[in-house]
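Nothing in this text is a laboratory measurement; each read-out follows from the coordinates by a stated rule. Bear in mind the structure is a predicted one, so any value in this text is a computation, not a measurement. Cβ placement follows ideal geometry from the backbone for every residue including glycine, while neighbour counts extend to all protein chains displayed.
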Amino acid sequence: MNDRSHENSVLTISGGYYRYVFVLIRKTGMRIFLIFSIFFLANAELHGQSFKNAIEVGAGGGRMIRNYPDFPEINEQALVGSVRYSQKFYGNKSWHKYYNHPVFSLYATGGSMGNNDELGYFTGFMAELSFEKHKPLKKLFWGPRLSLGTTYFTNPYNEQTNNTNVAIGSSFTFLASAEVMIGYSLNNKTDLIGRVSVLHASNSHFQLPNVGMNMPMVSGGVRFKLSEQQNNLKDSVFLPLNKKIQFNMRVALGVNEQGSSTAPVNGPKYPIFLTSAFLSKMVSPINKVTLGIEAWYNKGVYDFIVSQEFYESNAAGKSYAVAMVLGHEFIMGHFSIVTNGGIYLYNPFYRDRLERNELTGVKDKLKVWIPARLGFQYYAKDAFLSPKNNWFAGIYIKTNLGQADFLESGIGYQF
């Protein structure tokens, strides 16, 4: 089989799985599903412009989504500015060609949120990958962008001085952005850029309240190309596919503050101890699917059971949960982006609490059945070149039907 036939077969195999993962994320209501729906578009045949380094500055406006009954009033439009330093990947790493030579950027952003008194201002810093489609001799181009990082809020929730800000419970949170950009090349040095994006911020239930920031935006900017790259992309050979099924194990420690999205506040941080065993298979040199079992013990659930006398006996046993999970990884050298979702096989406390509280909503019922996870992993050896016998470490956001459950970090080994 020649390289092009191999490439097409890989894309055909992985394409169906991408559609499945998209449906899974959409069905579970994950608030960040837009990020991954845009990221999936990156596997199309996109050919980038010839710049090597660039700086992009921009500004725009948006409006916070009031997605909770007690959410602060939004009095005005949010105003946000941004600056990016970008570098195009030209094939010096083996995985660059499989992603059609994306653009990597360091991305700083910040601004207001439509209610300066209660919500304050934010400043964020993210890493970004973008995938630009540019036809030769054409001035118009477009592409999806994915950004992930952290942000600082000037006026988070405070029980004494700012107890109405249920959106942001901590000064620092995760920050993510999904964006579609369209550009026009004025000349060899300057591009005009238009952007439609969504910003999302959350602390993963680490500190309550945690309704989060969700802000659709429209913005524009100018990109100044600092240096040009001739159209001489390295034509690396497509690597052979490792078709073996690998066994993996992972242990992790999670932390959260027990409660709903908004209360009770100022509670203790509880540990969650997690272990998992799963099988993995490469469906292309940059796409891996996984299937396995994971279990965890939640100390916060145990303390609640004991303090409230929720069960007459076996408090420790009822503090465990077990789930079967199906997952996917995008492999980028030493790094990977992890998503998974599944079904609870054992989750007694939350199911029993649902019945006792007489909660009948469909979303409430699905939360006790459908877990999901978003994470980022670092492999000791290049996962693109070493699909087995490899240590990895990661940080993850565990959710129930899209609602943040806990933040976890862990290590694992792929045999």
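Here are the numbers for this structure:
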quantity	calculated
Relative exposure of 88, 135, 299, judged by other C-beta atoms within 10 Å (fewest first)	135, 299, 88
Cα→Cβ-extended label distance, 7 Å offset, between residue 297 and residue 163, nm	3.7 nm
Fewest-first ranking of 205, 328, using other Cβ atoms within 10 Å as the exposure measure	328, 205
Cα-based equivalent ellipsoid, the chain: semi-axes from gyration tensor eigenvalues, Å	38, 30, 16
Radius 11 Å from Cβ of residue 332, net charge of other residues (Lys, Arg +1; Asp, Glu -1)	-1
Stokes-Einstein translational diffusion, the range 31-228 - Kirkwood Rh over all Cα pairs, 1.002 mPa s, 20 °C, in µm²/s	122 µm²/s
Residue exposure sequence - 411, 331, 337 - by fewest surrounding Cβ within 10 Å	411, 337, 331
Within straight-line cross-link reach of residue 97, aspartates and glutamates at Cα separation under 20 Å, skipping those fewer than 8 residues along the same chain	3, 7, 45, 128, 132, 228, 235, 329, 382
At R0 = 30 Å, FRET efficiency that the Cβ-Cβ distance of residue 385 and residue 188 yields, to 0.05	0.25
Separation of the residue 171 and residue 358 label points, Cα + 7 Å toward Cβ, nm	4.5 nm
Förster radius 30 Å - calculated FRET efficiency between residue 309 and residue 67 (Cβ-Cβ, nearest 0.05)	0.30
Candidates 250, 353, 66, ranked by Gaussian network fluctuation over the chain, Cα under 10 Å, top entry	353
Nearest-0.05 FRET efficiency for residue 242 and residue 116, computed from C-beta distance (R0 60 Å)	0.65
